[in-house]
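To start, the structure itself, in structure tokens.
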Protein chains: 2
Amino acid sequence: MSKKFNDTILRAYRGEKTGHTPAWFMRQAGRSQKEYREIKKKHSLFEITHQPELCAYVTRLPVEQYGIDAAILYKDIMTPLPAIGIDVEIKSGIGPVIDNPISNVADIEALGELEPEKDIDYVLETIKLLTEEQLDVPLIGFSGAPFTLASYMIEGGPSKNYAKTKALMYSEPKTWFTLMNKLTEMIIVYVRAQIQAGVSAIQIFDSWVGALNEADYRTYIKPTMDHIFTELKKDNVPLILFGVGAKHLLLEWNDLPVDVIGLDWRTSILEARNMGVTKVLQGNLDPAILLADWETIETRTKAILDEGMEDGRHVFNLGHGVTPEITQDTLKRLAHLVRAYSER
Amino acid sequence: MSKKFNDTILRAYRGEKTGHTPAWFMRQAGRSQKEYREIKKKHSLFEITHQPELCAYVTRLPVEQYGIDAAILYKDIMTPLPAIGIDVEIKSGIGPVIDNPISNVADIEALGELEPEKDIDYVLETIKLLTEEQLDVPLIGFSGAPFTLASYMIEGGPSKNYAKTKALMYSEPKTWFTLMNKLTEMIIVYVRAQIQAGVSAIQIFDSWVGALNEADYRTYIKPTMDHIFTELKKDNVPLILFGVGAKHLLLEWNDLPVDVIGLDWRTSILEARNMGVTKVLQGNLDPAILLADWETIETRTKAILDEGMEDGRHVFNLGHGVTPEITQDTLKRLAHLVRAYSER
């Protein structure tokens with residue numbers, strides 16, 4: 001490991017003062033990068049993640065190219081599911097497709113348990129390669145949250161309205177909680193294995209949970225999330241929770257034992273504070289802005305950084321993942337802008 | 001017109017007391033109905049709307065089957081666009097697809113003007129058939145709002161993140177407002193023609209505007225919406241505004257000269273009141289609930305009706321459109337439940 005290890009983001013995640021606003025970009029390793037596009041011509045996402053050297057290269061590339069403060073492990077939120085018996089395929093232009101969606105308690109009871117050393121040894125090896133040898137910034141590990149994973153497992157793929165998922169949740173709460181418990185166990189084992197292999201922070205993606213209202217979140221989701229974060233808290237790495245379209249759930253999230261809340265672009269840093277959110281905040285430039293002219297990008301980025309600096313507990317990120325149309329050059333300029341403007 | 005014309009919903013839209021909570025269901029004419037599915041085997045949506053007798057039949061069928069308090073004209077929010085030069089095709093399983101999306105000011109300037117008597121005579125004839133002869137409940141007309149229409153016109157179809165739309169909005173505000181003004185003119189002409197032909201209320205669907213935050217809504221959308229509603233207010237029919245995932249915009253909407261705000265399931269009636277929303281409220285059973293067991297449907301529906309009756313200014317609806325998986329029988333039971341439970 002390099003002597004000049006940049007731990008700025010970890011200090012910011014703990015709420016400490018830092019010399020600049022640290023930054024990373026969700027989905028920073030992806031189709032915006034020409035090197036990535038070349039690799040994807042030959043290998044699928046799962047093929048890349050199964051080759052630790054290649055996966056480590058894909059993971060660290062944006063750090064080297066953009067000069068940002070963290071790497072996020074290149075993999076998909078679907079990564080652990082095949083090991084427990086869910087046949088996932090990532091289809092181009094669609095997303096994860098599952099041939100054997102679950103629909104009843106027997107399907108859930110048939111799910112296996114994740115054994116990290118056996119099932120995702122390639123993930124752990126990639127983490128070790130990166131953290132023991134290659135990276136001079138922290139590596140962030142991640143997992144999907146139970147609702148978001150369940151939505152794919154029940155719908156069989158991406159969904160607009162999560163109707164089957166919700167119908168199961170409302171009609172068969174016992175079955176629902178059996179599934180939530182199963183996924184909770186898996187997530188804890190999965191995340192803990194990533195931490196033990198060397199990641200320095202964990203982001204839990206509950207990307208689609210904003211489809212629920214507050215009352216249903218409290219009933220069907222919050223106890224599960226509380227259990228997960230309470231358990232992971234013992235591992236003593238910063239825990240980040242993120243989802244889109246979840247402004248109405250921010251105060252529920254704030255009750256959970258997480259360290260950081262990731263905002264999408266619908267809630268500004270100061271709005272979140274005014275609402276009563278007390279955690280460190282991460283976010284929240286709308287990736288769509290990165291398709292606008294540079295002047296717009298600059299103005300909007302500075303406005304977020306200004307609010308973050310006024311607040312004092314802010315890590316810069318996008319409000320959702322980088323989309324393929326965003327250029328590598330724009331991301332590089334953005335990273336430079338964030339660093340230069342926030343240096344203090 | 002029948003002597004027993006049921007104007008309950010119009011009185012409720014005006015904030016008057018009614019003998020029961022009136023109800024209709026967004027997308028009530030659709031694939032839940034076996035008669036509709038039969039017709040769709042032979043005719044596309046646009047083919048149906050171009051045949052006034054058939055379109056009137058499709059429009060009034062759910063009223064007759066479910067015993068609800070309003071019909072909504074069967075057509076698509078894309079209906080007026082071909083007349084101004086946008087080539088729309090409704091593709092099964094995708095939605096509206098536009099072969100000639102707009103990207104610059106020249107494209108916008110090339111758009112024509114809507115001449116209702118010439119361009120959408122079939123819509124007006126359907127309205128006349130329904131309101132002069134066939135219906136004993138009010139007919140609701142509708143239009144897409146500028147942002148939602150623009151999103152299709154710019155993206156070329158349905159979108160997950162509206163990135164091109166937002167990029168144009170942020171980068172070229174002058175071009176954006178040229179487009180907004182063009183659509184505003186079209187919408188006013190379009191809606192007014194529907195009113196003159198006989199519809200008794202208008203719902204404006206700004207289905208996707210929840211993708212914007214409050215600040216951007218105020219800058220890029222609100223002046224346009226204010227203009228539209230101020231103009232339509234002169235026509236003296238109830239004006240309803242609806243969108244999904246727009247809880248964060250409800251107070252902005254409440255500022256507009258609308259009579260009714262449609263809620264999705266993320267905001268309950270009493271929550272909206274506590275937030276400061278003063279308009280008559282419409283909503284908001286999550287259509288996903290209609291795939292759950294009847295006990296769940298009943299409990300959830302009664303909870304909404306209870307809040308609505310406590311509040312006193314509520315029209316029952318779903319929180320988004322009926323999905324094809326929902327059965328005709330469920331919708332019929334739901335309509336009966338709403339009427340029986342709310343009779344006072």
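The values are calculated or read from the model by the stated rules, or taken from the named source; none is laboratory data. Small disclaimer: the values here were computed from a predicted structure and weren't measured. All Cβ positions, even for glycine, are placed from backbone atoms using ideal geometry, and neighbour counts span all protein chains on display. Side chains are part of the model used for accessible areas, which takes the heavy atoms of the whole protein and leaves out ligands, DNA and RNA. Shrake-Rupley method; radii C 1.70, N 1.55, O 1.52, S 1.80 Å.
What to note about this one:
- Scanning segment A:175-188 for residues that are of a type in the set (A, V, I, L, M) and either open to solvent by 50 Å² or more (accessible area, probe 1.4 Å) or not in a helix (DSSP H, G or I) (or both) yields a count of 0.
- Test: residue in segment B:287-304 that is within 19 Å of the chain's Cα centre (by Cα) and within 30 Å of B:Ala340 (Cβ to Cβ): yes
- Unique residue being more than 14 Å from every other protein chain (Cβ to nearest Cβ) and within 15 Å of A:Val189 (Cα to Cα) when the list is A:Glu125, A:Glu115, A:Glu109: A:Glu115
- Per-region count, segment B:227-247, residues within 14 Å of chain A (Cβ to nearest Cβ) and either surrounded by fewer than 21 Cβ atoms within 10 Å (Cβ to Cβ) or on the phi > 0 side of the Ramachandran plot (or both): 1
- Within segment B:193-218, the set of residues being within 12 Å of chain A (Cβ to nearest Cβ) and not small (Gly, Ala, Ser) comprises B:Trp208, B:Val209, B:Leu212, B:Asn213, B:Glu214, B:Asp216, B:Tyr217.
- Being more than 9 Å from chain B (Cβ to nearest Cβ), open to solvent by 10 Å² or more (accessible area, probe 1.4 Å), in a helix (DSSP H, G or I) and at pLDDT 95 or above is a condition met by at least one residue of segment A:158-174.
- Beta carbons closer than 6 Å, at least 6 apart along the sequence or on distinct chains, pair a first residue in segment B:34-61 that is of a type outside the set (Phe, Trp, Tyr) with a second that is at pLDDT below 95 and open to solvent by 80 Å² or more (accessible area, probe 1.4 Å) for B:Arg37/B:Arg31.
- Single match in A:Thr49, A:Thr59 (criterion: under 23 Å from A:Leu318 (Cβ atoms), surrounded by 20 or more Cβ atoms within 10 Å (Cβ to Cβ) and touching a Lys or Arg at 6+ places or on another chain (Cβ under 6 Å)): A:Thr49
- Inclusion of A:Lys279 among residues that are free of Cβ contacts under 8 Å to residues at least 24 places away in the same chain, more than 12 Å from chain B (Cβ to nearest Cβ) and at negative phi is not warranted.
- Residues of segment B:189-218 classified as aliphatic (A, V, I, L, M), under 16 Å from B:Asp121 (Cα atoms) and open to solvent by 30 Å² or more (accessible area, probe 1.4 Å), total: 1
- Which listed residue is surrounded by fewer than 20 Cβ atoms within 10 Å (Cβ to Cβ), within 14 Å of chain A (Cβ to nearest Cβ), without any contact (Cβ under 8 Å) to a residue 12 or more places away in the chain and not hydrophobic (A, V, I, L, M, F, W, C), from B:Glu271, B:Glu252: B:Glu271
- Any hit, segment A:4-17, residues being in contact with a helix residue (DSSP H, G or I) (Cβ under 9 Å, 6 or more places away or on another chain) and open to solvent by less than 60 Å² (accessible area, probe 1.4 Å): no
- Near pairs, Cβ below 7 angstrom, 6+ apart or cross-chain, from segment A:90-108 (closer than 13 Å to A:Met78 by Cβ and touching a residue at least 40 places away in the same chain (Cβ under 8 Å)) to any residue that is open to solvent by 50 Å² or more (accessible area, probe 1.4 Å) and in a strand (DSSP E or B): A:Pro96/A:Ile90; A:Val97/A:Glu89; A:Val97/A:Lys91
- Hits in segment B:307-316 (condition: part of a helix (DSSP H, G or I) and either surrounded by fewer than 23 Cβ atoms within 10 Å (Cβ to Cβ) or within 14 Å of chain A (Cβ to nearest Cβ) (or both)): B:Glu307, B:Met309, B:Glu310, B:Asp311
- Of the helices (runs of 4 or more DSSP H) lying entirely inside segment B:189-288, those containing at least 3 residues that are farther than 30 Å from B:Glu172 by Cβ and at pLDDT 95 or above span B:269-275.
- Checking each residue in segment B:255-268 for being in contact (Cβ under 8 Å) with a residue 24 or more places away in the chain and within 14 Å of chain A (Cβ to nearest Cβ) picks out B:Leu263, B:Asp264, B:Trp265, B:Arg266, B:Ser268.
- When segment B:63-80 is filtered for residues that are over 16 Å from the mean Cα position of the chain (by Cα) and either over 22 Å from B:Leu337 (Cα atoms) or in contact (Cβ under 8 Å) with a residue 40 or more places away in the chain (or both), the ones remaining, listed by number, are B:Val63, B:Gln65, B:Tyr66, B:Gly67, B:Ile68.
- Residue that is most open to solvent (accessible area, probe 1.4 Å) [pool: residues in segment A:286-306 that are within 8 Å of chain B (Cβ to nearest Cβ) and within 16 Å of A:Leu263 (Cα to Cα)]: A:Arg300
- When residues of segment B:321-344 are limited to those that are open to solvent by less than 60 Å² (accessible area, probe 1.4 Å) and within 14 Å of chain A (Cβ to nearest Cβ), the one farthest from B:Arg31 (Cα to Cα): B:Thr330
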